[in-house]
Amino acid sequence: MADQRVLRIGNCSGFYGDRLSAMRELLEGGPVDVITGDYLAELTMLILGKDTMKDPTLGYARTFVTQVEQSLGLALERGVKIVANAGGLNPAGLATRLREVAAGLGLSPRIAHVEGDDLRALGFPGALTANAYLGGFGIASALAAGADIVVTGRVTDASLVVGPAVAHFGWQPTAYDELAGAVVAGHVIECGAQATGGNFSGFLALPRTGRPLGFPVAEVAADGSCVITKHDGTGGAVTVDTVTAQLFYEIASPRYLGPDVTTRLDTVEVTQAGPDRVAVAGVRGEPPPERLKVCVNELGGFRNSAEFVLTGLDVPAKAAWVREQLAPALTAASVTWTLTDTARPGADTEEAASARLRCTVMDPSPEKVGRAFTGPAVELALASYPGFTMTAPPAPGTPYGVYRAEYVDRSAVTHTVVHPDGRHEVIPNPPAAEAHGEGGPGLGGLAWSARSEARAEGVDPAVGPPSPGVAGATVTVPLGTFVHARSGDKGGDANLGLWVGHDDPDRRPARVAWLLGVVTPEWVRELLPEAAGLDVEVHPLPNLGGVNVVLHGLLGLGVAASTRFDPQAKGLGEWARSRTVEIPEELL
């Protein structure tokens, strides 16, 4: 019988480049049983793919090696397991490198790796990388067999928590509620300090201790519920709103599809259980989808940009003239001009009196975005608008990638664990995968969208028409007066979570009713003019006091190819909060 005590899982990395000392901090700061690290995103896979083009022995997150070197002795001494997806495109190579590092330290940890996600052999057109999102049962098998460290390729972020929980509690593949609870725990802590106050729209209320934000710990129970916390003495805070912020992060639909389970985010219950302790319970799960999502990155071509500073009077005329002068010399396949006119009349500083005009070019050929672009731009220095200057010297073009999602039958994927003794174990597919459409997270579920508007006049029979909210006199104030936001990217789509904060319990129910009633696709397009003409989905999550909005195509072909000012939509939520809306007086 598996030990039924709470399993304490701390996450030391939310991206490739996160705080290097975090693994050591988690080990030294308080009790943990497992330390996880999430290093992979769509963009990271592209970066690792470029690494392998230079050196086939690379393809993994090299900062993880440094973290393990700094922490391995203490982890082994305390019996703390380490689980990370830092293997990227080469988990076997990372496992080998870790053994070398351990030997240099005089240590002999049992190191396993998970493979089978790399699907480049299937021949996806143009693919530099093609990786299926695997689940947590391979990790679980490695831990159950005694591994001290497990490194993987492209598992889902939450699988880093699901795997240890399965190994610890002995859950079976059909324990959908428990698995779904672990998915939610993993989703909350996967981005590191974002769960403890990082990237949080309520940052003004955070304690200012001068200490770095602590990394989160999930205390997972046998029924899949958990408590999110952090070590005492670390910076930041764990509140219902910091946790809710992460629950809304890049989720799409309430039916969150993963390789092990479909998690019903509309069943999550979040409550404050004490200082820096938030209880997450009530999560329900359903069978996982039939197919697996595949992250495909291809090299899209080359890009470059030049930014012109336009100072003082006549900014539109200056922008028009430099465009008129430069345009005939540009031969790239794609040319995008963006004017950010922040110049203020009578400004006290030159910078405040200036606007910026950015020209971005993209082409399959590096020559057309190299000197063929920068040369004509620089040649205008003495022959264009008054005050001509640029923000940076000319540079060569750089390659860019394009992300797309593909879907494959599970039979096309061989989810494999390579145990410390070299034994290979193939992980079977779950017994009851269901058809939910395509196998990507966020597909299916209840939504208001342009697609649904085109049928049945936008009324989803399971949701009904939106509530009219609160009637009466209104005032014009920023949306962020009492609405929090968290935003991010999923390929070319932007994800925007909006929810009512918990700072005013008496008014919160009416505020939530207003928000749920007012947010429709058309309202979003009016709130965010950049979304005009886009397909917008609105997913109500009344249990979390808010809605999740998906803006399809806002980011073009994705972060690496986007010409947008904020290619990952990280600031989209703060822009939305700054926009003014009509809000009933009685809610303020």
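The values are calculated or read from the model by the stated rules, or taken from the named source; none is laboratory data. All of these numbers come straight from a predicted model, not from anything done at the bench. Cβ atoms come from the backbone with ideal geometry, glycine included; neighbour counts cover every protein chain shown. To get the accessible areas, we keep the full protein, side chains included, count just its heavy atoms, and leave off ligands, DNA and RNA. Shrake-Rupley method; radii C 1.70, N 1.55, O 1.52, S 1.80 Å.
General remarks:
- Given +1 at the Cβ of Lys and Arg, -1 at the Cβ of Asp and Glu and no other charges, the dipole of segment 491-536 around its Cα centre is 180 debye to the nearest 20.
- Relative contact order of the chain, defined on C-alpha pairs under 8 angstrom at six or more residues apart (%): 13 percent
- Segment 105-176: C-alpha gyration tensor shape, a/c 1.5 cut-off, then a/b vs b/c: oblate
- Protection-proxy order for peptides 569-578, 377-386, each taking the mean of Cβ atoms within 10 Å per residue, highest first: 569-578, 377-386
- Charging the Cβ of each Asp and Glu at -1 and of each Lys and Arg at +1, and nothing else, the dipole of the chain about its Cα centre rounds to 860 debye.
- For the chain, accessible area per residue (1.4 Å probe, heavy atoms of protein chains only), Å²: 40 Å²
- Sequence-distant contacts, meaning Cα pairs under 8 Å at least 6 residues apart, place the relative contact order of segment 1-134 at 21 percent.
- In segment 271-397, taking the dipole from charged Cβ atoms about the Cα centre, the farthest positive-side position among V280, V322, T311 is held by V280.
- Mean residue ellipticity at 222 nm, helices only, the chain: -7000 deg cm²/dmol; runs of at least 4 DSSP H residues each add -39,500 (n - 2.57), and the sum is divided by the number of residues.
- The fraction of accessible area contributed by carbon and sulfur in the chain is 54 percent, rounded to a whole number (1.4 Å probe; ligands and nucleic acids excluded).
- Global geometry of segment 278-317, whether rounded, prolate or oblate, following the gyration tensor of its Cα atoms and the 1.5 cut on a/c: oblate
- Normalised per residue, the volume of the convex hull around the Cα set of the chain (Å³): 174 Å³
- Positive end of the dipole of segment 274-424 (Cβ unit charges, origin at the Cα centre): among V408, Y385, T398, the Cα lying farthest that way belongs to V408.
- Peptide ranges 508-518, 525-535 listed from the most packed, as the mean C-beta count within 10 angstrom indicates: 508-518, 525-535
- Oblate is the label for segment 215-301. Its Cα gyration tensor axes, ordered a ≥ b ≥ c, give a/c of at least 1.5 and b/c at or above a/b.
- Debye-sum result for segment 177-330 in log10 I(q)/I(0), which assumes one identical scatterer on each alpha carbon, at q = 0.11, 0.18, 0.20 Å⁻¹: -0.61, -0.99, -1.16
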